[in-house]
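Novice: Sharing a structure with you now.
The values are calculated or read from the model by the stated rules, or taken from the named source; none is laboratory data. What you see is a predicted model; the values in this text were computed from it and never measured. FYI the Cβ positions are ideal-geometry reconstructions off the backbone, even for glycines, and counts take in every protein chain you see. Surface areas here come from the heavy atoms of the whole protein model, side chains and all, with no ligands, DNA or RNA. Shrake-Rupley method; radii C 1.70, N 1.55, O 1.52, S 1.80 Å.
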Amino acid sequence: MRLSRGFIPTIKETPSEAQIASHRLMLRAGLVRQTSAGIYAWLPLGLRVLRNIERIVREEQNAAGAHEVLMPTIQPAELWKESGRYDDYGKEMLRITDRHEREMLYGPTNEEMITDLFRQCVKSYRDLPLNLYHIQWKFRDEVRPRFGVMRGREFLMKDAYSFDVDHAGAVRSYRTMMLAYMRTFQRMGLKAIPMVADTGPIGGDLSHEFIILAPTGESQVYYDAAFESVDYLAGGFRHESDEDLERFFTDITSRYAATEEMHSAEKWAAVPATSQREGRGIEVGHIFYFGTKYTKAMNAAVAGADGKMFHPEMGSYGIGVSRLVGAVIEASHDDAGIVWPDAIAPFKAAILNLKNGDAACDAICEDLYARFGGEALYDDRSDRAGVKFNDADLMGHPWQIVVGPRGAATGKVELKRRATGERVELSVDEAFAKVAG
RNA sequence: CGGGGCGUGGCGCAGCCUGGUAGCGCGCCUGUUUUGGGUACAGGAGGUCGUGGGUUCGAGUCCCGCCGCCCCGACCA
């Protein structure tokens, strides 16, 4: 994208409503604009990040054997009356009445709808296990939306639902998802720590929340430093292998990690002092096993091997996709702006033309821009260098390729790594290779 | 939902107490200038002062209602 022709409305001054860093930076860098309390429009830069996160989530869900579907945002109230949650959910649920006076709602989650879909289509144990997911907008009418997209009312969420013949199968599905989650977060450049969680209004007895560390996190967390060094991508864990899943799960649950509410001083004391870590965390994912809660309530039964009908065991697995955008920024920014992890950055690099109109500068920039094929943001505006440096830092591109008249004369550019501030002078080819590779 | 605060040009704010026909900085447009960390000068555009009503000769300013947004707390992907 050429900045001069793009739509990235950055702002110099901090909007007064933004209290925390991610919210402030998302507004300033032109990622989102608020439409009403807790509801945001996503602008090109923010949307690219959202799509990148979505892509990684999707790839890992597919790799774990889940199938993508897309369920509607608007749901009929009848399904929720069947499960009993229509009355339980309270004012968080946005209720809508259509022209025929039918009661509808904007879905805050999809257990009822997926169970309905399941019972319509699945009739036999032979079709199990089954894991279906979708990435769809949800709405929860929070009393008090805040922190920008991290605690909005409308949010994009990946939610998966597993169906298994028995408890053992459900546990396997649960572990598979847990592994997929660790990989997903690792690919995004995040250190996520699974913590035993309260099961909350969804119910059940096996549940973990995935917390990423950031100074402004909403909850206090305690964990074993051993979590920080495990590599789930290269760790040799295969989804298809029960042994691997067992090893993975045992490994991960043997280490201590808990939020304040679930913290146990006794167990904490058992963690070696040198490995004790505490900090603030942001919840970016949550997984639950809840058995036959919905299959029973909604009578979703399939035939077993013995010909008798039974209610499959379920679990649900959520990742806050839009929340992650804010959470990543909370975990990765400095005074100058955002510092995107490479995997989810909106662009691989920004090309800064320090002297727009200079033949050598223009030629190098155009060449680089073409080579990146849309993966670079070209700052071709006729502003001063300082403006470009500041905007590039604010937007947080992992690399900045600085093309100025000084170096351009000899075919050199300056490559700056946003995260470290390190700058090196390189040839155009070297710079391109370093960023693209 | 309890407590508090704020709505004045795109953004940040002053003006309100003590009514007299709207101002500052940034941004935006034009020109000149400048060109490696938010350049300088000159000119210019842009405002139903959230909204409805009331008081008054006169309301951004005073009074009442409503709406919106933000902050603290309780609650939550």
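Novice: With respect to the numbered conditions (1) at pLDDT below 90; (2) within 15 Å of the chain's Cα centre (by Cα), which one is the sole condition not fulfilled by A:VAL196?
Specialist: Unmet condition: (2).
Novice: Shifting gears a bit: So for region A:278-294 (the condition being open to solvent by less than 10 Å² (accessible area, probe 1.4 Å) and more than 26 Å from A:TYR86 (Cα to Cα)), does at least one residue qualify?
Specialist: Checked against the condition, which is being open to solvent by less than 10 Å² (accessible area, probe 1.4 Å) and more than 26 Å from A:TYR86 (Cα to Cα), region A:278-294 yields at least one hit.
Novice: Can you spot a residue in region A:391-399 that is over 30 Å from A:ALA297 (Cβ atoms), surrounded by fewer than 24 Cβ atoms within 10 Å (Cβ to Cβ), within 31 Å of the chain's Cα centre (by Cα) and within 11 Å of RNA strand B (Cβ to nearest atom)?
Specialist: yes
Novice: Inside region A:415-437, can you point out the residues that are open to solvent by less than 30 Å² (accessible area, probe 1.4 Å) and assigned to a helix (DSSP H, G or I)?
Specialist: A:VAL428, A:ALA431, A:VAL435
Residue-wise test of (1) of a type outside the set (Lys, Arg); (2) in contact with an Asp or Glu (Cβ under 9 Å, 6 or more places away or on another chain); (3) away from RNA strand B (no atom under 11 Å from the Cβ).
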{"position": "A:GLY6", "(1), (2), (3)": "yes, no, yes"}
{"position": "A:ILE11", "(1), (2), (3)": "yes, no, no"}
{"position": "A:THR14", "(1), (2), (3)": "yes, no, no"}
{"position": "A:GLU17", "(1), (2), (3)": "yes, no, no"}
{"position": "A:ALA21", "(1), (2), (3)": "yes, yes, yes"}
{"position": "A:VAL32", "(1), (2), (3)": "yes, no, yes"}
{"position": "A:LEU45", "(1), (2), (3)": "yes, no, yes"}
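Novice: Working only within region A:236-248, note down all residues that are open to solvent by 30 Å² or more (accessible area, probe 1.4 Å) and touching a residue at least 12 places away in the same chain (Cβ under 8 Å).
Specialist: If the condition is that a residue be open to solvent by 30 Å² or more (accessible area, probe 1.4 Å) and touching a residue at least 12 places away in the same chain (Cβ under 8 Å), then A:ASP242, A:GLU246 are the ones that fit.
Novice: If A:ILE319 satisfies all but one of (1) surrounded by 23 or more Cβ atoms within 10 Å (Cβ to Cβ); (2) within 32 Å of the chain's Cα centre (by Cα); (3) within 16 Å of RNA strand B (Cβ to nearest atom); (4) more than 30 Å from A:ARG126 (Cβ to Cβ), what's the number of the condition it fails?
Specialist: The single condition A:ILE319 does not satisfy is (4).
Novice: Look at A:LYS308 and say whether it is more than 16 Å from RNA strand B (Cβ to nearest atom) and surrounded by fewer than 22 Cβ atoms within 10 Å (Cβ to Cβ).
Specialist: It is true that A:LYS308 is more than 16 Å from RNA strand B (Cβ to nearest atom) and surrounded by fewer than 22 Cβ atoms within 10 Å (Cβ to Cβ).
Novice: Return the pairs, sorted by first residue and then second, in which the second residue is among the hydroxyl-bearing types (Ser, Thr, Tyr) and within 9 Å of RNA strand B (Cβ to nearest atom), the first residue lies in region A:26-41 and is in a loop (DSSP other than H, G, I, E, B), the beta carbons are less than 9 Å apart, and the residues are 6+ apart or on different chains.
Specialist: Note: pairs meeting the criteria are A:ALA29/A:THR10; A:GLY30/A:THR10.
Novice: Taking region A:90-138 as the region of interest, how many residues are more than 22 Å from A:SER162 (Cβ to Cβ), within 14 Å of RNA strand B (Cβ to nearest atom) and outside any strand (DSSP E or B)?
Specialist: Result for region A:90-138: 4.
Novice: Looking at A:ALA431, A:ALA385, A:ALA436 in this structure, which one is touching a strand residue (DSSP E or B) at 6+ places or on another chain (Cβ under 8 Å) and in contact (Cβ under 8 Å) with a residue 60 or more places away in the chain?
Specialist: A:ALA431
Novice: Any residue in region A:244-262 that is in contact with a Leu (Cβ under 9 Å, 6 or more places away or on another chain) and assigned to a strand (DSSP E or B)?
Specialist: No, that holds for no residue.
Novice: Across region A:400-414, which residue is nearest to RNA strand B (Cβ to nearest atom) among those that are open to solvent by 60 Å² or more (accessible area, probe 1.4 Å) and more than 16 Å from A:GLY357 (Cα to Cα)?
Specialist: Once the filter is applied, the top-ranked residue is A:LYS412.
Novice: Hey, A:ARG417 hits all of (1) more than 10 Å from RNA strand B (Cβ to nearest atom); (2) farther than 17 Å from A:PRO346 by Cβ but one; which does it fall short on?
Specialist: Among (1) more than 10 Å from RNA strand B (Cβ to nearest atom); (2) farther than 17 Å from A:PRO346 by Cβ, A:ARG417 violates only (2).
Novice: Which of the residues belonging to region A:351-362 are in contact (Cβ under 8 Å) with a residue 40 or more places away in the chain and either within 21 Å of A:LYS12 (Cα to Cα) or open to solvent by 10 Å² or more (accessible area, probe 1.4 Å) (or both)?
Specialist: A:ILE351, A:LEU352, A:ASN353, A:LEU354, A:LYS355, A:ASP358, A:ALA360
Novice: If you take the residues in region A:139-151 that are touching a Pro at 6+ places or on another chain (Cβ under 7 Å) and not in a loop (DSSP other than H, G, I, E, B), which one is least open to solvent (accessible area, probe 1.4 Å)?
Specialist: Selected residue: A:PHE139.
Novice: In region A:326-350, what residues are β-branched (Val, Ile, Thr) and farther than 17 Å from A:THR10 by Cβ?
Specialist: A:VAL328, A:ILE344
Novice: From the list A:GLU82, A:GLU60, pick out the single residue that is in contact with a Ser or Thr (Cβ under 6 Å, 6 or more places away or on another chain), away from RNA strand B (no atom under 11 Å from the Cβ) and modelled with pLDDT of 90 or more.
Specialist: After applying the criteria, what remains is A:GLU60.
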